Structure formats: structure tokens, C-alpha cells
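Heads up, the thing below is written out as C-alpha cells.
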Amino acid sequence: MTAFAISCGVHDAARAQAVERLLQRVQASALELVRVGWCDLHGVVRGKTLVASALQRALDDGVGMVSTLMLKDSSDRTAFSVFEPGGTASLPGFGQANNLVLLPDPDSFQLLPWAESTGWLRAQPWFPDGRPVELDTRRVLQHALERLHSAGLAMRCGLEVEFHIYKIENTDAQMNPELAAWPGEAPRVSMLHPGYNLLTESWFDMAEPAMRIVQRTAQALGLPLLSLEAEMGPSQVEAVFDVSDALTAADNMVLFRNAVKQALRRAGYHATFMCRPPFPNIMSSGWHLHQSLVDASTGHNVFQRDAPAQGSTPLDAGYSLSDLGEHYLAGLLAHAPGMTVFCTSTANGFGRFKPNALAPQSVLWGRDNRGAMLRVIGECGDRSTRIENRLGESGANPYLYMASQIHAGMDGIQRQLRAPQATDDPYNPQAHKLPSSLGEALEALVQDAALVNAFGADFVAYYSQIKSAEALRFEQAEDKTEFHRREYFGRI
């Protein structure tokens, strides 16, 4: 019988060597369990746990996964009528809760530092006949990166991620079977630090035991952590990571969120990457994505400009961005409404878009301006010249967030769009506003022909149906705070 990995066309000599190295490592380390994980539409890791002796079969033939895992909304309800005739007519290969196959990548192996004798592998889904499942969000980014590569370009990203860590005070309600509900209860918590005293060393010292867990977990996994900070909001913190290629950065974001939540939970803490935790006085958490394009063959930053464009002023993009960089910037602006739902993808996150909140409100760019949606960083001759997108929330699916940047920016490059002048008034009430709700953001995506074409009409329809179910439930919820607490706080 031909191994499934061979029929998928992914098993070559290099993969065979990687599999052999992994099996030798597992045997030498007396590993007992291996988790096979996959990132779902909402950026949450799901998967199965195997005993070590089953690993080789999984690497050869994959692991079965019920297809409805790809059809879940944020409450874990299936958004398609899989058992009704025609219920998945728009999704060839899906229906009747059939099986897909998760095929692990042997090069992704990690020893989990918080779990005894346990390893972890990243996987992607395939149909049983060996066809890739194109709706998988990691594949969506891979296709976007292929588009860049065909133009001789590659993407580099740095991650700046805000989130909240709380002390768990009581899990009685969460674990009481008499109170079980769908979605489930979240833990009762207290704060890690009081907040409202930005970067205060004493606040960091108060949070240091939990932050040590974050630091050691990230470093044990080989993640390029640069710094940890006590952020402005109560119990809010931030982690900053060094630049890497886009796919690695997205993989790292998935791994980091998954890892710190589990490691902190074992130590009595609750980490959440939801934008606005369900408490009265909080600060929203954003994910500021630093991005640049480089020449794929030389690594040269193609956003960099050696001298200001003739006649330009600091208000002009060409003062410090190359022509290509300006086109990319203009593409991000042109498609900002349509790409918003990939950057801020929960009903919760739209409460962040308000004046003077260090978050964007309108479709504007600025030169080192933290109130604008896009922040251009770097002067002429600076090899680290980049664009920071401040639109994202920390719980966003990394693959879709980054793919949206590529497709929007590439449209700007292909049409040679020009950017307007930089703003010095990012909260001007007359400026073109970003979508103000999940439903409005979904509608903006559907109306953006270039993004629909780039992502594919089938993917946009699939994504819209699932996220519309979340938006509808939020609109119908009588108690919005309770919705946020159950839907997001215990899960994201």
C-alpha cells in the first residue's frame, strides 16, 4: 500500500530524512505522547494526541480528523447543515461529518516544555484522495506568498503582541457539571498588576512570576522573543518578537499563543488574547504587525529609499519609502475596509476602534504616528524600513492576517497606486472610518472585488458564512458582556 504522504506528493528524500531523524529523537528521549496540532479558522489549535509508538504511522498515513472542525463558528457550533441534502453543496469534499486527514510536518517537531514526555507536530488537512484542503488558512497564506514569489519578492514580519494574564481564583463554576453550557464557563480571575502606569518597573516586578513562564516557554520552543513588558491596561502585558519570514512568523504566533495559555494555566494563571476582556475598566489588546518586502534572491529591503523623492516632504510617502513601498502602502489603504475582518475577526475586537485609544479609527497612515492605522517607520537608508499595521487584534488568525496584507499591498503595486499625504490628525471625525462591527466588516470584504478574487470567491463565501453566524449571535445576545465572557474569554 502506498503511504498517504506519497500520494499527496509531499514525501520526498528530504522529508524521509526528516522523518527518520524525528523517530530517532523520539526513541532516544523516551517520549510517551505526541500531539498533532492544526490551526483552525479562528486561530485556535486543535488536534489529536498519539502514543509515541503510533507516530510513524501518522507521519506516513496521517491522522483522521472530522471535517466539521473546519466548519465551526467561534462557539464551536457547525455553521453548515452537514446532514441535510445540499447543506455543504458549496464545499466539495465536505458533508455528513466525513473524515479529512491531518498530515504532520516532521520538521515542525517541538518538545513541550510544560508537559511531561510530550512532543508536538504541526499538521495540515488533506482530503482522503490526496488533494490538499484549500480552505485551510495556512494554505491561504502559502498561496499568497507564492504570489509574492512570482514577482520576485518575499515578506518579512515582526510581531508585537498585547494580551492579558490573570490569576485564576476560582474554577468551581467552570468545572461544575450542573452548570455546563454551550459555550462553557470561563474561570473567575483577579489581576496580575493594577495597570494605568505604562512600563512601570514595579508593575513588571509584580507580574514577573507569570512573565518568567512566558519567557521560558517561548525560549524553550525556539521562538525569537526580544522583550516582555507590563502594558498600560490592568493585567495587560506585551511580547515582542524579532523579524522572520512571514510563514515562520505566522507559525510562531500560533505556537506562542497556544503554548503560553497552557503553560500559564498549569501554574494557576489565565492568559487571554481576546481584544477586550469582559471587565469594566480595561485597555484593548492589539497585534501590531510590522512588515516589509524584500528581494527574494538578495534579501534587500525593497521598501528602503536611499534619498527622499525629488520635491517630497515628510508628509509624502516618497520621503522615506521607495516607489514600490508607496504602492504597497496605498494598496493597504485602498483595501483597508475589506481586509479589516481578517485583522480584527471577532465581534469583541471592534470596541477597540475609538479615538485616542492608541488604536486606529479611520483609513489613514502616519509617519511614526501611533494613532493612525498604518505607521511608516524608518528614514532613508534604513535597512529596517517597514510599515506597521495597527489594525489587528491579538486573537486574529495569523495566516489570514498576513495574507490580507499581501493581497492588498500587491494590488497597490500592480496598479501603481499613490498614497495620500500622512495624517497629523488620526482621529479626525471627517476621515473615512473603518468598519464598526463584525457584520459591517464582512460586508466590506464581500464588496472588495480584488480581495475576493485574491482569496478566492469560494473561500470568502465559506469564511463569511461561518463568521456571519458569530455576528448574528452577538447581535441577538441580550447580555453582550456575558456573550464576550463565554464566547471569547475562556477560549481565545
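Modelled label-to-label distance, ASP424 and GLU208, 7 Å Cα→beta-carbon offset: nm?
4.3 nm
Can you compute the charge dipole magnitude of region 343-492 about its Cα centre, using +1 on each Lys and Arg Cβ and -1 on each Asp and Glu Cβ, nothing else charged? Give it in debye, rounded to the nearest 20. Walk me through the numbers on the way to the answer.
On the way: 17 positive and 18 negative charges, 64 e Å.
So the dipole magnitude of region 343-492 works out to roughly 300 debye.
Suppose the chain between SER227 and SER29 were pulled fully straight at 0.36 nm per residue; how much longer would it get relative to their current alpha carbon spacing?
Working: separation 198, 0.36 × 198 = 71.28 nm, distance 3.10 nm.
Taking SER227 through SER29 to full extension adds about 68.2 nm, to one decimal.
For ASP12 and ASN98 in the same chain, what is the full-extension length gain: residue separation times 0.36 nm, less their Cα-Cα distance, in nm?
Stretched fully, the ASP12-ASN98 segment lengthens by 28.1 nm.
Can you tell which of HIS288, THR340, GLN414 lies farthest toward the positive end of the dipole of region 281-439, using +1 and -1 charges on the Cβ of basic and acidic side chains (Lys, Arg; Asp, Glu)?
Among HIS288, THR340, GLN414, the one farthest towards the positive end of the dipole of region 281-439 is THR340.
If contacts are Cα pairs under 8 angstrom and at least 6 residues apart, what is the relative contact order of region 254-301 in percent?
18 percent
Taking Rh as the Kirkwood radius, which is the inverse of the mean 1/r over Cα pairs, what is the Rg/Rh value for region 347-388?
1.10
Counting each DSSP H run of 4 or more residues in the chain as -39500 (n - 2.57), what helix-only mean residue ellipticity at 222 nm follows after dividing by all residues, to the nearest 500 deg cm²/dmol?
Dividing the helical sum by the residues of the chain leaves -10500 deg cm²/dmol.
Using a 1.4 Å probe, what is the accessible area per residue for region 65-178, in Å²?
I get 42 Å² per residue for this part.
What order do you get for 398-407, 39-48, 432-441, 328-337 when each peptide is scored by the mean count of other beta carbon atoms within 10 Å, highest first?
Details: 398-407: 27.2, 39-48: 20.3, 432-441: 18.3, 328-337: 23.8.
Put in order of decreasing packing, that is 398-407, 328-337, 39-48, 432-441.
Over region 133-223, what is the mean sequence separation of C-alpha contacts under 8 Å (at least six apart), divided by residue count, expressed as relative contact order in percent?
Across region 133-223, relative contact order equals 18 percent.
For region 252-303, what does the alpha-carbon gyration tensor say about shape, rounded, prolate or oblate, given a ≥ b ≥ c as the root eigenvalues, a/c under 1.5 as rounded, and a/b over b/c as prolate? Show your work: numbers first, answer last.
Numbers: a/c = 6.04, a/b = 1.95, b/c = 3.09.
Because a/c hits 1.5 or more and a/b fails to exceed b/c, region 252-303 counts as oblate.
Assuming R0 = 51 Å, can you tell me the calculated FRET efficiency for the pair THR298 and ALA267, based on Cβ-Cβ distance, to the nearest 0.05?
Efficiency, rounded to the nearest 0.05: 0.70.
Could you check the simple spin-label distance between ASN356 and THR248, using points 7 Å along Cα→Cβ, in nm with one decimal?
Label-label distance for ASN356 and THR248, simple model: 4.2 nm.
According to the square roots a ≥ b ≥ c of the eigenvalues of the Cα gyration tensor, what is the shape class of region 381-455, taking rounded for a/c under 1.5, prolate for a/b larger than b/c otherwise, and oblate for the remainder?
Rounded is the answer for region 381-455, as its axis ratio a/c remains below 1.5.
With charges set only on the Cβ (+1 for Lys and Arg, -1 for Asp and Glu), what does the dipole of region 133-254 come to about its Cα centre, in debye to the nearest 20?
Here the size comes out at about 280 debye.
Residue by residue, what Karplus-based ³J(HN,Hα) values in Hz, rounded to whole numbers, does region 426-431 have, using 6.51, -1.76 and 1.60 with θ = phi - 60° and x for Gly and Pro?
So the Karplus estimates, Gly and Pro as x, are x, 10, 4, x, 8, 6 Hz.
Using the Cα centre of the chain as the reference point, and only Cβ charges (+1 on K/R, -1 on D/E), how large is the resulting charge dipole? Debye, rounded to the nearest 20.
Dipole magnitude for the chain comes out near 460 debye.
Give the accessible surface of region 1-49 per residue, rounded to a whole number of Å², with probe radius 1.4 Å and ligands, DNA and RNA excluded.
55 Å²
DSSP loop (so not H, G, I, E, B), at most 13 other Cβ within 10 Å: list which chymotrypsin sites (Phe, Trp or Tyr not before Pro) in region 188-230 pass both filters.
Passing both the DSSP loop test and the Cβ count: TYR196.
Nearest 0.05, what FRET efficiency do SER53 and ARG415 give at R0 = 60 Å with Cβ-Cβ as r?
Computed FRET efficiency for SER53 and ARG415: 0.60.
If you plug each phi of region 153-169 into the Karplus form 6.51 cos²θ - 1.76 cosθ + 1.60 with θ = phi - 60°, what whole-Hz ³J(HN,Hα) values come out, in order, with x for Gly and Pro?
Those phi angles translate into 10, 9, 10, 10, 9, x, 10, 9, 10, 9, 7, 10, 10, 10, 7, 7, 9 Hz.
For the chain, with the dipole built from +1 on Lys and Arg beta-carbon atoms and -1 on Asp and Glu ones, taken about the Cα centre, which of LEU102, VAL34, VAL254 lies farthest toward the positive end?
Going by the charge dipole, the pick is VAL34.
Which value, in Å², gives the accessible area per residue of region 357-492 when a 1.4 Å probe is used on the protein heavy atoms?
Per-residue accessible area for region 357-492 comes out at 40 Å².
Once both labels are modelled 7 Å past Cα along the beta-carbon direction, what's the LEU199-ARG370 spacing in nm?
Each label point lies 7 Å from its Cα, and together they span 0.8 nm.
Quantify, in whole percent, the carbon and sulfur part of the accessible surface of the chain (1.4 Å probe; protein heavy atoms only).
Carbon with sulfur: 50 percent of the solvent-accessible area.
From Cα pairs below 8 angstrom and at least 6 apart in sequence, can you work out the relative contact order of the chain, rounded to a whole percent?
About 15 percent, as a whole number.
Taking the Cα of ALA173, stepping 7 Å toward and past its beta carbon, and measuring to each backbone N in region 458-492: which are under 12 Å?
What the label zone holds, given the 12 Å backbone N cut-off, is 482-483, 485-486.
Positive end of the charge dipole of the chain (Lys, Arg +1 and Asp, Glu -1 on Cβ, about the Cα centre): tell me which of LEU364, THR88, TRP120 has its Cα farthest that way.
It is TRP120.
The values are calculated or read from the model by the stated rules, or taken from the named source; none is laboratory data. Quick caveat: nothing in here was measured; it's all calculated off a predicted structure. Because the Cβ atoms are built from the backbone with ideal geometry, glycine has one as well, and the counts that use them run over all protein chains shown. Remember, those area values only see protein heavy atoms, side chains included, never the ligands or the DNA or RNA. Shrake-Rupley method; radii C 1.70, N 1.55, O 1.52, S 1.80 Å.
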